[in-house]
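Enquirer: Right, I'll just put the structure down here and ask away after.
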Amino acid sequence: MFGSEIALKCAKYHDKPFFSRFGYMLSEFEQNENREYQKFIDLENQVFEDADKIIVTTKSIKSKVEKRIKKRLNKIVIVPNYVDTNLFKPQNNPVKKYDILFVGRIVQQKNLISLLKALDTINLNALIIGNGYIRDELISQFSHLKERITWKKNIPNNELPALMNQSKLFILPSHYEGHPKILLEAMSCGMTVIGANSPGIVELIKHDINGYLSTTDFESIRLAINKLLSKSDLQQSLGDCAREYVLNNFSLEKVVKLEYDLYSSIV
């Protein structure tokens with residue numbers, strides 16, 4: 001959504017169609033991080049009004065946009081994020097170095113505090129990858145877990161598949177998400193995934209089918225971790241279904257076909 005004002009002006013000046021594509025409602029994210037979020041609502045409303053096509057990544061985002069524009073609803077189209085399923089794939093017999101893996105921004109939205117509280121009650125190894133404004137605070141608060149939790153800042157995307165294959169469980173305990181690509185990448189690696197039953201996550205994880213849902217509460221997260229780590233057969237089943245789900249819905253070939261059909265309808 002950032003920079004869309006310039007693109008919109010260029011489209012009008014050159015009399016060209018204007019497409020807006022986004023994977024989350026910027027105003028909702030900024031409402032929790034920025035007191036001036038009203039300006040983002042105004043920007044969204046302008047874009048929604050003037051766009052020839054509004055491309056969103058999920059049904060829930062589509063529903064939110066529909067409530068805002070209330071007309072010309074057929075210009076809203078769902079095209080999900082794609083995953084490089086050739087890069088993010090299961091590896092043969094990887095050594096499991098970590099019980100838990102988290103990858104993402106270290107901000108309040110991601111609910112790392114509940115994950116860390118859960119880890120404080122379980123004797124296991126975790127890898128947390130990411131950076132953000134509360135990272136140092138959390139490392140200090142849970143410094144007594146330094147022997148069991150490895151913290152890494154952002155790493156190249158092509159190094160993630162190996163780390164995912166070296167981890168037993170991937171967890172995303174966020175309070176809300178848009179269309180979390182990192183979750184899809186973990187699923188594409190055949191990982192057993194745990195997600196909070198939050199917007200953006202519940203659209204991807206089918207409980208006890210291709211992943212496992214908890215609440216955002218640390219006790220629920222703890223119970224989910226304990227259950228899955230104690231059942232290797234369930235881990236395998238959920239991971240296999242997760243991989244199949246991504247291949248069937250979010251591979252590059254699938255998404256390119258949707259994009260091609262969309263642009264062909266305009267040209």
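Enquirer: Please work out which residue is nearest to Leu247 (Cα to Cα), limiting yourself to the stretch 169-178 and to residues that are of a type outside the set (Asp, Glu) and at pLDDT below 95.
Expert: Out of the qualifying residues, it is Gly178.
Enquirer: Given the criteria in contact (Cβ under 8 Å) with a residue 60 or more places away in the chain, crowded, with 19+ Cβ neighbours inside 10 Å, among the hydrophobic types (A, V, I, L, M, F, W, C) and under 30 Å from Ile55 (Cβ atoms), does Leu160 qualify?
Expert: Yes, satisfied.
Enquirer: Can you tell me which residue among Asn210, Asn249 is crowded, with 21+ Cβ neighbours inside 10 Å and farther than 20 Å from Ile129 by Cβ?
Expert: Every option except Asn210 fails the conditions.
Enquirer: Can you name the residue in the stretch 54-79 that is of a type in the set (S, T, N, Q) and more than 17 Å from the chain's Cα centre (by Cα) and is also surrounded by the fewest Cβ atoms within 10 Å (Cβ to Cβ) among such residues?
Expert: So, considering only residues that are of a type in the set (S, T, N, Q) and more than 17 Å from the chain's Cα centre (by Cα), the one surrounded by the fewest Cβ atoms within 10 Å (Cβ to Cβ) is Asn74.
Enquirer: I need the full set of residues from the stretch 208-263 which are in contact with a Gly (Cβ under 9 Å, 6 or more places away or on another chain) and under 22 Å from Lys110 (Cα atoms), in order please.
Expert: Asn210, Gly211, Tyr212, Leu213, Ser214, Ala242
Enquirer: Something else about it: Spot the failing condition for Glu159; the list is (1) more than 30 Å from Tyr260 (Cβ to Cβ); (2) touching a helix residue (DSSP H, G or I) at 6+ places or on another chain (Cβ under 7 Å); (3) charged (D, E, K, R), and only one is missed.
Expert: Only one criterion in (1) more than 30 Å from Tyr260 (Cβ to Cβ); (2) touching a helix residue (DSSP H, G or I) at 6+ places or on another chain (Cβ under 7 Å); (3) charged (D, E, K, R) is unmet by Glu159, namely (2).
Enquirer: For Lys89, are the conditions met, namely being touching a Ser or Thr at 6+ places or on another chain (Cβ under 8 Å) and not hydrophobic (A, V, I, L, M, F, W, C)?
Expert: yes
The values are calculated or read from the model by the stated rules, or taken from the named source; none is laboratory data. Worth saying up front: this structure is predicted, and the values here are computed from it rather than measured. All Cβ positions, glycine included, derive from the backbone under ideal geometry; neighbour counts span all protein chains shown.
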